[in-house]
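Here's the structure, in structure tokens; my notes come after.
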Amino acid sequence: MTTTISSKGQIVLPAEIRRRDRIESGQKFEIERIDEGEYRLVRKLAGSECGLVDLLLSCPEKGWFIPVASESTDSL
């Protein structure tokens with residue numbers, strides 16, 4: 001497969017790859033320069049450095065988690 005870099009320097013992953021690997025908008029990737037003209041792109045999965053709220057907000061089912069504006073959860 002081939003893709004094109006936009007005028008903003010963005011690379012679009014083909015729809016077939018996004019569907020197959022369940023890649024959603026907003027997911028983060030690391031890019032590593034291997035050599036001149038050769039690069040490695042790796043999807044970063046939510047890890048231990050990711051907070052629970054961030055993890056829940058990244059749920060692909062929109063509206064599944066809504067943060068509550070509160071200093072304490074005692075009243076919930």
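Throughout, read-outs are computed from the coordinates displayed, never taken from laboratory work. In this text the structure is predicted, and so the values were computed from the model without any measurement. Positions of Cβ are backbone-derived with ideal geometry, glycine not excepted, and every protein chain shown enters the neighbour counts.
Taking the Cβ of Ala15 as the centre, find all other residues whose Cβ is under 13 Å away and add up their charges (Lys, Arg: +1; Asp, Glu: -1).
+1
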- At 7 Å along the Cα-to-beta-carbon direction for both Arg40 and Ala69, put a label point, then send me their distance in nm to one decimal. 4.5 nm
- Hey, what do the phi angles of region 36-41 turn into as Karplus ³J(HN,Hα) couplings, whole Hz, using 6.51/-1.76/1.60 and θ = phi - 60°, x for Gly and Pro? 4, x, 10, 9, 10, 10
- So for R0 = 22 Å, FRET eff. of Val53-Lys28 from the Cβ-Cβ r, to 0.05, ends up at 0.85
